[in-house]
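Since the structure comes first, as structure tokens, the remarks are kept for the end.
The values are calculated or read from the model by the stated rules, or taken from the named source; none is laboratory data. From a predicted model like this one, the values you see are computed outputs, not experimental measurements. Virtual Cβ from ideal backbone geometry, glycine too; neighbours counted across all protein chains shown. These area figures cover heavy atoms from the full protein model, side chains too; ligands, DNA and RNA do not enter into them. Shrake-Rupley method; radii C 1.70, N 1.55, O 1.52, S 1.80 Å.
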Amino acid sequence: TGKDYELWVIPAGEDPISLGVLREGDLKVALASLPAGTTLAVTLEQAGGSPTGAPQGNLLVAAVIEG
């Protein structure tokens, strides 16, 4: 309660970019459009997502896109 999952894309060598809060709807990422070395990550944030635009909560899962 009071928390949301947030999806992030992290281009190699760059800062994380929020793709949005994961709720009961669909959130799609076109993996073919992501360059090799890009990381997708999910964090547990306060309700509504990170207030700073950067991950603040615990990292729950991360995967690196291979080419």
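Couple of notes before you dig in:
- Qualifying position, being in a loop (DSSP other than H, G, I, E, B) and either surrounded by 11 or more Cβ atoms within 10 Å (Cβ to Cβ) or in contact (Cβ under 8 Å) with a residue 40 or more places away in the chain (or both), among 25, 13, 20, 49: 49
- As a summary of the residue check, residue 56 satisfies the conditions (1) surrounded by 13 or more Cβ atoms within 10 Å (Cβ to Cβ); (2) touching a residue at least 24 places away in the same chain (Cβ under 8 Å) except for the one numbered (2).
- Extreme residue, most open to solvent (accessible area, probe 1.4 Å), among residues of region 28-46 that are part of a loop (DSSP other than H, G, I, E, B) and without any contact (Cβ under 8 Å) to a residue 12 or more places away in the chain: 28
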